[in-house]
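The values are calculated or read from the model by the stated rules, or taken from the named source; none is laboratory data. None of the values given here were measured: they were computed from a predicted structure. Reconstructed Cβ throughout: ideal geometry from the backbone, glycine too, with neighbour counts over all protein chains shown. These accessible areas exclude ligands, DNA and RNA; they are computed on the full protein's heavy atoms, side chains included. Shrake-Rupley method; radii C 1.70, N 1.55, O 1.52, S 1.80 Å.
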Amino acid sequence: VQLQASGGGLVQAGGSLRLSCAASGRTFRTYYMGWFRQAPGKEREFVAAVDWSGSTTDSADSVKGRFTISRDAGKNTMYLQMNSLKSEDTAVYYCAAAYGGWSARRGRERYDYWGQGTLVTVSS
């Protein structure tokens, strides 16, 4: 599986961005996917995940109500709609894909494939 993240950029606090993650290779429908982020000097942290069907999602408390994760099986693409952005959302955002148990979705070690990352910078 190859993952290509895009959509990052510079935005003012309170603004919005939509990240995309295009997948190719192994059947898109057989794995769940997630977004992680890593700010300078910090550990990579879980942001959100979506199951293989797109019907079940999970998100970190820090982004709940502001970020929405989704996937389009027909386009083999996952999205992260980010609204009401804050300066603390500044980070490199990575998309990832995993097989197996949904229960482990928040653990970055559980993911089998990673995209290259896209930088989101929120100015205050």
Going residue by residue through the range 32-43, is there one that turns out to be at positive phi, without any contact (Cβ under 8 Å) to a residue 60 or more places away in the chain and over 15 Å from the mean Cα position of the chain (by Cα)? yes
Tell me yes or no: at least one residue of the range 103-124 is over 17 Å from Arg18 (Cα atoms), in contact with a helix residue (DSSP H, G or I) (Cβ under 7 Å, 6 or more places away or on another chain) and part of a loop (DSSP other than H, G, I, E, B). yes
Suppose we filter Val11, Val120 for residues that are of a type in the set (A, V, I, L, M), at pLDDT 95 or above and surrounded by 18 or more Cβ atoms within 10 Å (Cβ to Cβ); which single one remains? Val120
Among the residues listed as Tyr99, Tyr93, the single one being open to solvent by less than 60 Å² (accessible area, probe 1.4 Å), in contact with a strand residue (DSSP E or B) (Cβ under 6 Å, 6 or more places away or on another chain) and under 16 Å from Met33 (Cβ atoms): Tyr93
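Residue by residue, here is whether (1) aromatic (Phe, Trp, Tyr); (2) under 21 Å from Leu10 (Cα atoms); (3) at pLDDT below 95 holds:
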site: Ile69; (1), (2), (3): no, yes, no
site: Asn76; (1), (2), (3): no, no, yes
site: Tyr79; (1), (2), (3): yes, yes, no
site: Ser84; (1), (2), (3): no, yes, no
site: Val92; (1), (2), (3): no, yes, no
Among residues of the range 102-114 being out of contact with any Gly (no Cβ under 7 Å at 6 or more places or on another chain) and open to solvent by less than 60 Å² (accessible area, probe 1.4 Å), the residue farthest from Met82 (Cα to Cα) is Ala104
Can you name the residue in the range 40-60 that is exposed (fewer than 14 other Cβ atoms within 10 Å of the Cβ) and farther than 15 Å from Ala104 by Cβ and, of all such residues, is modelled with the lowest pLDDT? Ser53
